[in-house]
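Have a look at the structure below, then the notes.
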């Protein structure tokens, strides 16, 4: 704030929030399509995450936000609104397993085919209000699975969720989240006292909540796994325990800069194998956030980030400029080599985790949307096929969160969450970047109507909707 205007901070923040909300509500009103008769998507192949393959050409019908039928062939759907998929592919809605959702990003996720996110920590009241507006249809956004963020108070604290000063307060925070009834898990952060974690985990499990999180400062992944973590958050949080020395403080940027030490690490060494053994024995999953590590370790000034190369020409000039900025200080050839080597070691570690059967979930920590597309395609580096990636990013992750009965695949009785692409993502995963239509429940969006509001040049055409006789869309 300019000196002398500090007292206006809240006034300006409230004004900015109100204006942003009004703008996004107007975009929702202009681009959200609902229909007064069933909707049929015909002449499409469907990605089946059970079979990890495409079906023959089929027709999918939707009524009141629920899939009512999936029938072979190109069917004459008299009395329905009809979209001709022109031989394209219908894919279940994508899932970002590491979000921190805001209202602007909520709309961008929908445009990118992301219909479900797992929020990993937020301002509890703000997120609750946003979910209410999404559910009411006044704002566009994905479905949200909530994580209860708990952080220890320190000079380095994150201010999301609930900050605690004692083990008693931490356990009480678990109870508060459990009492709300709409949280799936607890997430622990860097300033948490490691000695309090066993009590947090014990209470969370007693209350039916899973536990994940960062590795608190002054401990390592092994201790958190032994304490009962169900999942580890960020691959660097696991790997730092193999290269840090006692007393080093990961509440600081050391948790990122220390990755320069990874190239010297022997991934066949006993400490590495012990951690992987613990994860296997205790069925601990991993949320690596692979793409954010690519951006952190491989971006260089003057070079477009690899993760944005496929769509950067569609972005506004400011985004194009940001895409050519390094995330880390690269001050020497040695720094350059160390960070590149660190990314190779991360890839090798993820390969070892996959080979050991450790369950990997795909999340971005970068807002999802187009960055989720990059997160998904990176897993081809460790042997996932496009079909395996799509199955994991849809039905398998939905089932992991207990939602597989209603979400994650295109089957009668399930919610109508899917996206239409012209190409074949089983042959080339990049096909998911060109989306003609997104359905979330009873609402259909055409991304090419949404993107111009953000200065983004659309990626494809808007499919025609054939109305039934004597019927008009709402």
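Could you order the peptides 184-194, 399-409 from most to least packed, using the average number of other C-beta atoms within 10 Å per residue?
Peptide ranking by packing, descending: 184-194, 399-409.
What FRET efficiency comes out for the pair residue 469/residue 449, r = Cβ-Cβ distance, R0 = 41 Å, nearest 0.05?
Approximately 0.95, to the nearest 0.05.
Label residue 277 and residue 153 with points 7 Å out from Cα along Cα→Cβ: what is the distance between them in nm?
Output for this residue pair reads 4.2 nm.
Pairing the Cα long axis of helix 167-180 with the longest principal axis of the chain, what angle in degrees results, from 0 to 90 and rounded to the nearest 10?
On a 0 to 90 degree scale, this one is about 10.
Sort the following peptides by mean Cβ neighbour count (other Cβ atoms within 10 Å, averaged over residues), highest first: 211-218, 84-91, 235-242.
Sorting 211-218, 84-91, 235-242 by mean packing, highest first, produces 211-218, 235-242, 84-91.
For segment 142-285, taking Cα atoms only, what is the radius of gyration to one decimal and the Dmax to the nearest whole Å?
That works out to 15.2, 47 Å for Rg and Dmax.
Per residue and in cubic angstrom, what volume does the convex hull of the Cα atoms of segment 158-242 have?
Taking the convex hull of the Cα positions in segment 158-242, it is 85 Å³ per residue.
Given the -39500 (n - 2.57) contribution per DSSP H run of 4+ residues, what per-residue ellipticity at 222 nm results for the chain, rounded to the nearest 500 deg cm²/dmol?
-9500 deg cm²/dmol
Classify segment 51-190 as rounded, prolate or oblate, taking a ≥ b ≥ c as the square roots of the eigenvalues of its Cα gyration tensor: rounded when a/c is under 1.5, otherwise prolate if a/b is larger than b/c and oblate if not.
Prolate, because a/c is 1.5 or more and a/b exceeds b/c.
Over the chain, consider all pairs of different Cα atoms and compute the Kirkwood hydrodynamic radius from their mean reciprocal separation; express it in Å, one decimal.
23.5
Based on the Cβ-Cβ distance from residue 269 to residue 199, what FRET efficiency comes out when R0 is 35 Å, to the nearest 0.05?
After rounding to 0.05, the efficiency reads 0.65.
Nearest 10 degrees is fine. How inclined is helix 9-31 to the longest principal axis of the chain, computing both from alpha carbons?
30
What per residue convex hull volume, in Å³, do the alpha-carbon atoms of segment 426-466 yield?
Here the figure is 107 Å³ per residue.
Taking neighbour counts of Cβ atoms within 10 Å as a proxy for exposure, in what order, fewest first, do 169, 151 appear?
169, 151
Restricting to Cα pairs below 8 Å that are 6+ residues apart, what does the relative contact order work out to for the chain? Please round to a whole percent.
Computed over the chain, the figure is 21 percent.
Tilt of helix 333-355 relative to the longest C-alpha principal axis of the chain, in degrees (0 to 90, nearest 10)?
The helix 333-355 is inclined about 70 degrees to the chain.
Can you give me the C-alpha center-to-center distance between segment 39-84 and segment 407-474, rounded to a whole angstrom?
First find each Cα centre; the distance between them is then 13 Å.
For residue 10 and residue 428, calculate 0.36 nm times their separation in residues minus their Cα-Cα distance, and state this gained length in nm to one decimal.
This chain segment gains 145.7 nm when fully extended.
Per-residue counts of other Cβ atoms within 10 Å, averaged by peptide: what ranking do you get for 421-434, 101-114, 449-462, highest first?
Put in order of decreasing packing, that is 101-114, 421-434, 449-462.
With labels modelled as points extended 7 Å from the Cα through the Cβ direction, what inter-label distance (nm, one decimal) is found for residue 27 paired with residue 129?
1.9
Could you work out the Rg to Rh ratio of segment 225-297, with Rh taken as the Kirkwood radius (inverse of the mean 1/r over all Cα pairs)?
0.95
Based on DSSP, what percent of beta bridges with both residues in the chain are antiparallel, to the nearest 5?
Taking every DSSP beta bridge within the chain, about 45 percent pair in antiparallel fashion.
Give me the one-decimal nm value for the distance between modelled label points at residue 254 and residue 55, 7 Å along each residue's Cα-to-Cβ direction.
In this crude spin-label approximation the distance works out to 5.5 nm.
Give, in whole angstrom and from largest to smallest, the semi-axes √(5λ) of the equivalent ellipsoid of segment 126-206, with λ running over the eigenvalues of the Cα gyration tensor.
So the equivalent ellipsoid measures 27, 14, 9 Å along its semi-axes.
Please label the shape of segment 322-465 as rounded, prolate or oblate, based on the square roots a ≥ b ≥ c of the eigenvalues of the alpha-carbon gyration tensor (a/c under 1.5 means rounded; beyond that, a/b larger than b/c means prolate, else oblate).
Judged from the Cα gyration tensor, segment 322-465 comes out oblate (a/c at least 1.5, b/c at or above a/b).
Read-outs throughout are calculated quantities, based only on the coordinates presented, and are distinct from any laboratory measurement. Keep in mind that what you see is a predicted model, and the values were worked out from it rather than measured. For neighbour counting, all protein chains shown are included, and Cβ atoms are generated from backbone atoms with ideal geometry for every residue, glycine included.
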